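The values are calculated or read from the model by the stated rules, or taken from the named source; none is laboratory data. Since the model is a prediction, treat every value here as computed from it, not as a measurement. FYI the Cβ positions are ideal-geometry reconstructions off the backbone, even for glycines, and counts take in every protein chain you see. Just the protein is used for accessible areas: all its heavy atoms, side chains included, with ligands, DNA and RNA removed. Shrake-Rupley method; radii C 1.70, N 1.55, O 1.52, S 1.80 Å.
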Amino acid sequence: MTLTEEILTQLPGDALGNLRRADGLWQAIRTGGLPIPQVVTVDSALLDSTDWDVVICGGTLGIMLAAALAQRGWRVALIERGILQGRVQEWNISRQELTVFLELNLLSADELPQAIASTYNPGRISFLGGEDIWVRDVLNIGVDPQYLLAILKAKFLAAGGYLLENTVFEGITVHPNGVEIALGQNSAVKTTLTARLAIDAMGHFSPIVQQARQGQKPDGICLVVGTCAQGFPRNETGDLLVSFTPITNQCQYFWEAFPARDGRTTYLFTYVDAHPDRFSLETLLEEYFRLLPSYQNVQLHQLKFQRALFGCFPSYQKSPFRFPWQRILAVGDSSGSQSPVSFGGFGAMVRHLGRLTEGISAALASDTLSQTALGLLQPYQPNIAVTWMFQKAMSIPINKHLPPDQINQLLARVFQAMSQLGDRALLPFLQDVVQFSALSQTLWQVSLTQPLLAAQILPHVGMGTLVNWLVHYINLGAYTVLHPLGKLGWPASKFLSPEQQYYCDRLVQAWKYGSGSDYIARFEEFKN
């Protein structure tokens, strides 16, 4: 019996079975065996009427947007395939990012502290052979999903929202004036909802996304395994990004760790492509258990494991994703709005929650729900696009061999340069935000201190990746210049129709978020 089998069979629930089902999904991705659903159809006939302004499919993260829209007076229905409740494991985020819940009146000043289950400081960044870097107030807040979702659920219902739990999305028909959503319930009762707009918050493997992508393989995958356990030596600090081993199994292992409400959570993750010969999640979890004692200075028999964590997170260069249909919008992981170096999920949804609430409300108010108009709610973001170079630099093609310490040495030099530039360069990057000034200063610093570094990177990532990166880098600079124009407002706004105003506002928001300037405002507010 392997370590993985021995430990997972002792956990509550079917942890080992769940792992192997996740591995079945990962194998289907690698081999191109994922089925392509046909859940979206188009009908030229008009609907007689619509019951709802918005139907959101996917409740775990969709409840945030559902509650925000319902409190603005929109008729919102929310579909969840199970019971809408949060998981046990906390969601990690930075404190200043939580202010959006106050701004949207989703949490009160008294409720927000109660939503925080754990906190730690400082966080460590460390690479084999390099110096440790310590930062404060980055991803150091553990939000209690059970409390948060219970509060949001109550506020959604109080605002007139309609919640369908134990309800499965089966298909959607797009009409010129609305959508018709077919649902199945666990009780085998069939039902249909009509709405002006459908929002897909069902995640990376949403059937709508799978149909739209037509079997396209992900351009990158982040494989993640881990546990929450008790019995570790007392440690109130966390690890944000740590690597203490050379390249192994044709990939670089990275670690993350932080205190949790009921123990300590530790993750092992790595960036790979979807080549058929890549190893399984079960193999990576076996590696996790093999290396955990060295990583945390503890023996496995001293630990009491509470739960196991695992998953594969796909990323596509064609992201954020725009659906080819009118009246359907992807949000959260369905849209691929996270960068290829992050896991997505809660943090990516929270970052765009205010923007999406405002934009969707404006689209509904002006009845601007065409494919083009909704596409502007998931605009091109150069500050995310530039991170594909980082993802490529941290992953290794299955048939290419690198010096065993190359990735560690590269990251140690880059992060040391950012550390020397201070919090304004380092903290945004750690929160999945790249800004032109910080990136440019880092590149300049590294080029002065490590002039041969580019010669090491180029053969690894390839000329095509470098050229694409340069395009996105130039665009990042352009968005940074354009964003202040948006803050001046549009002098001719009073002469614009609601639809024209919608398009102008979305352009301004694209500059703001695409340059990472949304982070600047929150950083200044938090520090003051």
Looking at region 348-366, is at least one residue within 23 Å of Ile93 (Cα to Cα), under 18 Å from the mean Cα position of the chain (by Cα) and modelled with pLDDT under 90? yes
Can you tell me which residues in region 7-23 are out of contact with any helix residue (DSSP H, G or I) (no Cβ under 7 Å at 6 or more places or on another chain) and assigned to a loop (DSSP other than H, G, I, E, B)? Gln10, Leu11, Pro12, Gly13, Asp14
Does any residue of region 40-53 turn out to be small (Gly, Ala, Ser), open to solvent by 50 Å² or more (accessible area, probe 1.4 Å) and more than 27 Å from Val225 (Cβ to Cβ)? yes
Within region 397-419, can you find the residues that are hydrophobic (A, V, I, L, M, F, W, C) and either outside any loop (DSSP other than H, G, I, E, B) or modelled with pLDDT of 95 or more (or both)? Ile407, Leu410, Leu411, Ala412, Val414, Phe415, Ala417, Met418
Answer yes or no as to whether Phe254 is at pLDDT 95 or above, in contact with a Ser or Thr (Cβ under 6 Å, 6 or more places away or on another chain) and either among the hydrophobic types (A, V, I, L, M, F, W, C) or open to solvent by less than 20 Å² (accessible area, probe 1.4 Å) (or both). yes
In region 219-268, what count of residues is obtained for those that are of a type in the set (S, T, N, Q), over 30 Å from Leu34 (Cβ atoms), touching a strand residue (DSSP E or B) at 6+ places or on another chain (Cβ under 9 Å) and in a loop (DSSP other than H, G, I, E, B)? 2
Within region 4-21, is even one residue surrounded by 12 or more Cβ atoms within 10 Å (Cβ to Cβ), in contact with an Asp or Glu (Cβ under 6 Å, 6 or more places away or on another chain), more than 21 Å from Asp144 (Cα to Cα) and among the β-branched types (Val, Ile, Thr)? yes
Let me confirm something: among Gln211, Gln216, which residue is in contact with a Pro (Cβ under 9 Å, 6 or more places away or on another chain), surrounded by fewer than 22 Cβ atoms within 10 Å (Cβ to Cβ) and outside any strand (DSSP E or B)? Gln211
Go through region 485-506 and count every residue that is modelled with pLDDT of 70 or more, over 23 Å from Asp432 (Cβ atoms) and either of a type outside the set (S, T, N, Q) or touching a Leu at 6+ places or on another chain (Cβ under 6 Å) (or both). 9
Please verify whether Phe321 is in contact (Cβ under 8 Å) with a residue 24 or more places away in the chain, open to solvent by 20 Å² or more (accessible area, probe 1.4 Å) and hydrophobic (A, V, I, L, M, F, W, C), treating the condition exactly as stated. no
Mind counting the residues in region 24-49 that are assigned to a strand (DSSP E or B) and either small (Gly, Ala, Ser) or at pLDDT below 95 (or both)? 0
Would you check if there is a residue in region 70-87 being open to solvent by 40 Å² or more (accessible area, probe 1.4 Å) and within 19 Å of the chain's Cα centre (by Cα)? yes
Over region 420-457, the set of residues assigned to a helix (DSSP H, G or I), in contact (Cβ under 8 Å) with a residue 12 or more places away in the chain and open to solvent by 50 Å² or more (accessible area, probe 1.4 Å) is Gln420, Leu421, Asp423, Arg424, Phe436, Ser437, Gln441, Thr449, Gln456
Those residues of region 284-316 which are polar (S, T, N, Q) and in contact (Cβ under 8 Å) with a residue 24 or more places away in the chain, in sequence order: Ser294, Gln296, Asn297, Gln302, Gln306, Ser315
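Every residue, every condition in (1) under 30 Å from Asp262 (Cα atoms); (2) out of contact with any Asp or Glu (no Cβ under 9 Å at 6 or more places or on another chain), yes or no:
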site	(1), (2)
Trp26	yes, yes
Gly32	no, yes
Ser49	no, yes
Asp53	no, yes
Leu69	no, no
Ile79	no, no
Val88	yes, no
Glu111	yes, yes
Determine if region 278-286 includes at least one residue that is outside any helix (DSSP H, G or I) and either out of contact with any strand residue (DSSP E or B) (no Cβ under 6 Å at 6 or more places or on another chain) or hydrophobic (A, V, I, L, M, F, W, C) (or both). yes
May I ask you to verify whether Leu112 is open to solvent by 10 Å² or more (accessible area, probe 1.4 Å), farther than 27 Å from Val55 by Cβ and either touching a helix residue (DSSP H, G or I) at 6+ places or on another chain (Cβ under 6 Å) or modelled with pLDDT under 95 (or both)? no
If you take the residues of region 395-409 that are open to solvent by less than 20 Å² (accessible area, probe 1.4 Å) and within 24 Å of the chain's Cα centre (by Cα), which of them is nearest to Leu128 (Cα to Cα)? Ile407
